[in-house]
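The values are calculated or read from the model by the stated rules, or taken from the named source; none is laboratory data. Note that this is a predicted model, so its numbers are computed, not measured. Positions of Cβ are backbone-derived with ideal geometry, glycine not excepted, and every protein chain shown enters the neighbour counts. To get the accessible areas, we keep the full protein, side chains included, count just its heavy atoms, and leave off ligands, DNA and RNA. Shrake-Rupley method; radii C 1.70, N 1.55, O 1.52, S 1.80 Å.
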Amino acid sequence: MMMVEEERSIEEHLLQLNDQNDDSGCRVTACVILSTLVAVCGSFSFGVAFSAFGSFNTLGSAIGALFSGKMAISLGRRRTMWVSDILCIIGWFSIAFAKDVMWLNIGRISSGIGLGLISYVVPVYIAEVSPKHVRGTFTFTNQLLQNFGLAMVYFSGNFINWRTLALIGALPCFIQAIGLFFVPESPRWLAKVGTDTELENSLLRLRGRDADISREASEIQVVTKMVENGSSSRSSFWDLFQRKYSYTLVVGIGLMLVQQFSGSSAVVAYASTIFRKSGFSVAIGSTLLGFFMIPKAMIGIILVDKWGRRPLLLTSASGMSISSILIGIAFTLQKMQLLPNLTPIFTFVCLTPYIGTFAIGLGGLPWVTMSEIFPINIKVTAGSIVTLVSFSSSSMVTYAFNFLFEWSTQGTFYIFGGIAGAALLFIWLLVPETKGLSLEEIQTKFLHQPDEINQT
């Protein structure tokens with residue numbers, strides 16, 4: 001009873017803070033931009049790895065996901081990115097200079113572990129340092145840099161040696177490792193493990209030396225205290241099964257499952273196989289997709305803080321479902337030997353909006369949402385589980401794709417279309433809108449008023 005009264009008192013204090021007229025948290029400073037650019041450097045390597053080096057990277061990423069949350073809370077966000085850079089650099093150099101298959105696989109697993117760490121810590125770090133009114137835009141740049149990596153492989157993979165691609169993948173890791181010396185630690189992490197002075201210094205660097213950061217600092221400290229008082233200071237796996245966390249866990253895991261089981265990883269990894277099967281030129285198709293990768297990701301960046309998360313996710317799921325079904329129809333016509341000259345073009349025309357609608361919503365927004373919804377006390381365990389679910393399901397879908405494709409080309413895409421349709425229902429019923437809310441406001445609403453957030 002006393003704990004409930006204390007939490008209500010804290011919520012009232014948050015409301016008072018929200019009523020204050022303070023725009024310091026809305027400033028986009030050079031430090032925030034630099035911090036975001038440094039953080040997303042490693043995402044370029046992610047795009048290169050998962051379009052060029054495949055299955056063992058996914059295995060390594062699943063391993064990295066297991067430890068990502070624990071490392072991020074124990075070492076901090078910056079040090080975890082440094083560990084990731086070291087693993088990725090070792091991995092890329094092992095691939096580039098491999099003399100046999102063993103070193104090639106060691107390199108893939110090492111870089112995969114590093115990328116598994118990056119996948120969790122980068123969106124979390126960006127969400128924790130960005131002003132709330134542009135948090136979605138800044139976090140979505142993670143997806144943009146992944147698309148740069150994908151585009152580079154699609155465009156240049158036809159004429160650049162895979163060893164050179166590995167060296168190119170290592171370059172952003174070096175840039176990130178150096179850049180991390182010049183950016184601050186996450187203020188939310190410092191609120192949990194550091195001192196008030198360290199928290200305030202981090203916020204001053206991020207918001208500007210002349211900014212009044214008292215309200216934001218107080219809000220972070222109050223909510224950190226609230227969530228830690230609501231459970232033991234050391235969160236465990238079993239804490240996730242408390243009723244107050246069930247909603248966030250269902251949303252986080254559910255988004256990762258529909259992201260992968262709608263076929264995205266397999267379609268990106270095996271685009272050349274799909275082109276070949278349909279009769280479309282692999283070289284032309286890969287090059288055109290390479291040109292298309294960057295503009296489609298830019299659309300999501302532009303719209304995420306204007307439209308909001310839910311509209312983009314709903315648009316994404318709808319587009320992927322329709323596109324998958326149309327690709328299935330194209331292969332059905334091919335099997336029936338109807339309109340054979342149109343099948344290659346029709347397949348490419350439908351595959352392009354599939355990848356495009358994936359990029360503006362289900363490609364990046366599950367990671368944005370994951371970085372926003374979990375309170376600091378369960379972010380370790382919940383984030384690790386959600387990241388593990390993503391890579392495990394990605395591995396399963398990528399592995400099963402060839403078998404499904406051999407079984408039935410059209411059936412494969414009908415299955416993907418059906419899952420994307422189910423994703424539409426899941427998003428409509430359960431996924432909240434978090435646009436314009438601070439991380440502390442989101443967490444408070446989830447913990448005590450989970451229904452209210454759906455009304456925004």
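Across the accessible surface of the chain, with the other protein chains kept in place and a 1.4 Å probe, carbon and sulfur atoms take up 67 percent.
The loop-placed chymotrypsin sites (Phe, Trp or Tyr not before Pro) in segment 46-138, going by DSSP, that have at most 16 neighbouring Cβ atoms within 10 Å of their Cβ come out as F97. Solvent-accessible surface of the chain, taken per residue with a 1.4 Å probe and all protein chains present: 40 Å².
Considering helices alone, the calculated mean residue ellipticity of the chain at 222 nm is -26500 deg cm²/dmol, with DSSP H runs of length four and up weighted by -39500 (n - 2.57) and normalised per residue.
Candidate values (i) 1.09; (ii) 0.95; (iii) 0.98 were compared with Rg/Rh (Cα atoms, Kirkwood Rh) computed on the shown model; the agreeing label is (iii). When S74, S321 are compared by accessible area of protein heavy atoms, the largest-first order is S74, S321, using a 1.4 Å probe. Placing unit charges on the Cβ atoms only, positive for Lys and Arg and negative for Asp and Glu, gives the chain a dipole magnitude near 1540 debye about its Cα centre. Normalising the average separation of contacting C-alpha pairs (under 8 angstrom, six or more residues apart) by the number of residues puts the relative contact order of the chain at 24 percent.
F405 sits among other residues whose Cβ lies under 14 Å from its own Cβ, and their net charge, with Lys and Arg +1 and Asp and Glu -1, is +2.
Any idea what log10 I(q)/I(0) is at q = 0.09, 0.11, 0.20 Å⁻¹ for segment 301-456, Debye with uniform C-alpha scatterers and no solvent? At q = 0.09, 0.11, 0.20 Å⁻¹ the computed log10 ratios are -0.37, -0.54, -1.28.
Taking label points 7 Å from Cα along the Cα-to-Cβ direction, L430 and F291 give a separation of 4.1 nm.
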